[in-house]
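The values are calculated or read from the model by the stated rules, or taken from the named source; none is laboratory data. Predicted, not measured: the structure shown is a model, and the values here were computed from it. Positions of Cβ are generated from backbone atoms using ideal geometry, with glycine treated the same way; all protein chains shown enter the neighbour counts. Surface accessibility is based on the protein's heavy atoms, side chains included, excluding ligands, DNA and RNA. Shrake-Rupley method; radii C 1.70, N 1.55, O 1.52, S 1.80 Å.
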Amino acid sequence: MRAITWRTVPLAQRSAAIGELLAQGSAFHMCFAEDAGAGIELAYLFSGRDGGLCGLRSPLAGALEASTLVDDLPALHWDEREIQDMFGVRLRGHPDPRPLLLPDSYAGAPPLAPQAPVAAREPWRGHSLHQHGTVQVPVGPVHAGIIESGHFLFTTMGETILQLDARLFWKHRGVEANIAGRGIPEAIRVVERTCGSCSASHQEAFAEAVEAIAGAEVPAGTRAWRTAILELERIYNHLNDLGQLATGVALHVLAQQGLRLKERALRLQEEAFGHRYLFGAIRPGQVRAPKDLARLLAGLRRLHADSAGWADRLFANAGFRDRLAGTGQVPREVALSLGAVGPAARASGIASDVRADLPYAMYHQLAIVPETASGGDALARAEVRRRELLAAFDIAVAMLESGSRESSPQGLDAALSGAAAALVESPRGADGQFLRLRQGKVQRWHLRSASFANWPLIMVASADNPIGDFPLINKSFELCYACCDR
Amino acid sequence: MAHKAFLIGRSLALRLVDCGSCNACESELAMLFGPDFDAQRFGIEMVPSPRHADGLIVTGPGTSQMTDALARTAEAVGAPRVVVALGDCAISGHVHRDGYAAKCGVAASLEADLQIPGCPPAPGEILGALRRLMRKGATGQGLAASD
């Protein structure tokens, strides 16, 4: 999307520099480490009000440790633990320094800093409250259904959840280390398979980063079709996520109807773009043209009408509303402080949406107004999704009609060097990627998915709720494990 | 010696173990239980406990962190059991092959009785493959004796 304006800041002055950026109204997007040749550096990425990306870099100068900044910016707490695992850099004073990403059995050097010494790693221990009358309920990683792998440790008193601790990253495949050294065409095949539910968003962010490094202009017709593809991804995901809520409150007919609508969306995608989950649809400088545009448009219009009717029936159901209202609440200030993104942030009254804040593809022409609600509960998250689902149909149809096959920029897979970042509003919120290429090969790729940003919210949302409502609370966020774990 | 054929004459109860998939295989598997495919009419069921299962359906390249959970789930299902490797990752590791945290699919831990290729395999393909497995079970052909 855009190049980054970097500023080098000594370790000791990070706190002041970040405070200054936040005071100016800049938004935090990602924190990562990289070794671009001059030793490991910590990097913090923000966007200013002018829409530019601004990055702070702090060289470690061989020290392999730095003080934590979690007090300045609580949203950093998982990013710092990730840096600890992947680079062997100790973040002094971190309130929860347990390992995050790496498997228990891993005994090698930090995967992204192979020269760093092999550090002794503490085993992960769950946080729970041991007092008279409390009961610990461990669940997972294998679940009683078709659910991704993850472990939850509940401390309960009676029916009530006092505390939830979660251990994710059972699905950690080491994607960031594995794609280092690969060429662009090969790398994007892995990037799009990082997560099957957010694949088009991951493709778009990766493509935008490559295009920014190349300084390539992508033709408007290509950008329009990409926008349509990104909205199709939102449509089938929101249909799935609302349908999951129907399952969660045991409305089986509405749940089955939801699955049928999702199946129709997947078939339209396969017919038009050759893949049910849109793998291969977006590449640097390019987009796959819809195979039979008239047929796709007709199918989408029918699906729009049927989805609207289904959503009306779902939301008119008193049982549905009753179970969701007040369930899994996240107050606005908590969502802000933890750096919530996507429908979860908007349902807590935060009007942020990458499509509006940092428009990419054709969104600068669409003037997206973030859909917000104030409840911060499962019902508010469902309501935001419903409105976004219906709006996505209109955007997709308009963008399909205005797209066209145009000559694509050449030479994007040549020996490019440089770095860029890209942000895309996936169905679950901001999908941030950083890419550094050297001679056309990936030197460093980092993904901070919307699910990575939002998982910590679920711990907050679950406290004080009955344990029986946890599946419903979880479904009201419907986060991916795959693109969080990588 | 117990024979796997006896397991799956008329129904097939499976427990899912996700070993690092991208979730597309799970998404397609879930579609089997919607109105378009309705796998339950053929006696196919995903069960909430390994004790109720005839076997495992495994996705993903086999992450290191899931190795123990997969082995313990297999043990809880008991023997004889069937093992289904769902999708290219489970069969070979696919794009994640040979990383520091993922292996080359299920084969590294368990011998699969059925491989369903695809990235991801479509619900119709999954359903067709499971039904062929059930027919083999009914006739006792092509299934190895259990361990």
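Using Cα-Cα distances under 8 Å and only pairs 6 or more residues apart, what relative contact order does region A:4-92 have, in percent?
Across region A:4-92, relative contact order equals 29 percent.
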- Shape call, the protein assembly as shown: gyration tensor on alpha carbons, a/c limit 1.5: rounded
- Message: List the residues, sorted by chain then number, that are 5 or more residues from A:Arg444 or on another chain and whose placed amide H is less than 5 Å from its amide H.
- Response: A:Arg436
- Item | Whichever lysines have a C-alpha closer than 25 Å to that of A:Lys441, once near sequence neighbours (fewer than 8 apart) are set aside | B:Lys103
- Rounded, prolate or oblate: which one fits region A:181-331, using the alpha carbon gyration tensor with axes a ≥ b ≥ c (rounded when a/c is under 1.5, else prolate when a/b beats b/c, else oblate)? prolate
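Mind checking B:105-114 for the average number of partner chain beta-carbons within 10 Å of each residue's beta-carbon? Working shown, then result.
Details: counts 0, 0, 0, 0, 0, 0, 0, 0, 0, 0.
Neighbouring Cβ atoms belonging to other protein chains average 0 per residue here.
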- Query: Can you list the lysines whose alpha carbon sits under 21 Å from that of A:Lys291, skipping same-chain ones fewer than 8 residues off?
  - Reply: A:Lys262
- May I ask you to order A:249-255, A:229-235 by the average number of other C-beta atoms within 10 Å around their residues, highest value first? A:229-235, A:249-255
- Counting sequence-distant residues (5 or more places) and residues on other chains, those with an amide H built under 5 Å from that of A:Ile40 are A:Leu60, A:Gly62
- Query: What number, in percent, do you get for the relative contact order of chain B if the mean sequence gap of Cα pairs under 8 Å and at least 6 apart is divided by its residue count?
  - Reply: 32
- Note on the structure: From highest to lowest solvent-accessible area (probe 1.4 Å; ligands, DNA and RNA excluded), A:Ile467, A:Ile147 read A:Ile147, A:Ile467
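How would you classify region A:4-92 from its alpha-carbon gyration tensor, with a ≥ b ≥ c the square roots of the eigenvalues: rounded for a/c under 1.5, else prolate if a/b is greater than b/c, otherwise oblate?
Prolate shape, in that a/c is at least 1.5 and a/b is the bigger ratio.
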- Would you kindly find the accessible area of A:Asp306, with a 1.4 Å probe and non-protein molecules such as ligands, DNA and RNA excluded, rounding to the nearest 10 Å²? 70
- Message: Could you order the peptides B:32-41, A:70-79 from most to least packed, using the average number of other C-beta atoms within 10 Å per residue?
- Response: A:70-79, B:32-41
- Using per-residue counts of other Cβ atoms within 10 Å, averaged over each peptide, order B:97-110, B:78-91 from highest down. B:78-91, B:97-110
- Item | A:Lys171, A:Lys291, reordered so the largest accessible area comes first (probe 1.4 Å) | A:Lys291, A:Lys171
- Query: What whole-number value in Å² describes the accessible area per residue of region A:4-92 for a 1.4 Å probe?
  - Reply: 39
- Task: Using protein chains only (no ligands, no nucleic acids) and a 1.4 Å probe, work out which residues of region A:248-287 have their accessible area cut by at least 40 Å² relative to the chain alone.
- Result: A:Gln256, A:Leu259, A:Arg260, A:Glu263, A:Arg276, A:Tyr277
- Item | Solvent-accessible area buried by pairing B with A, both sides, nearest 100 square angstrom, 1.4 angstrom probe | 3500
- Heavy atoms only, probe 1.4 Å: what % of the accessible area of the protein assembly as shown goes to carbon and sulfur, would you let me know? 51
- Item | Extension gain from A:Glu65 to A:Ala414, taking 0.36 nm per residue of separation minus the Cα-Cα distance | 121.9 nm
- Message: I want to make sure I understand the PRE zone here: with the label point 7 angstrom from the Cα of B:Tyr100 toward its beta carbon, which residues in region A:69-93 have backbone N atoms less than 13 Å away?
- Response: A:83-89
- Message: List, by residue number, every residue in region A:153-179 with a reduction of 40 Å² or greater in accessible area between the chain on its own and the complete protein assembly, 1.4 Å probe.
- Response: A:Trp170, A:Lys171, A:Arg173, A:Asn178
- Query: 222 nm [θ] for chain A, helices only, -39500 (n - 2.57) per DSSP H run of 4+, per residue, to 500?
  - Reply: -13000 deg cm²/dmol
- Note on the structure: Averaged over the residues of A:135-145, the number of partner chain Cβ atoms within 10 Å of each residue's own Cβ comes to 4
- In peptide B:119-127, what is the residue-averaged number of other protein chain Cβ atoms found within 10 Å of each Cβ? 2
- Would you jot down the residues in region A:94-122 that end up with at least 40 Å² less accessible area in the complete protein assembly than in the chain alone, with a 1.4 Å probe? A:Pro103
- Hits among aspartates and glutamates - C-alpha to C-alpha of A:Lys171 under 12 Å, sequence gap 8 or more where chains match: A:Glu148, A:Asp485, B:Asp18
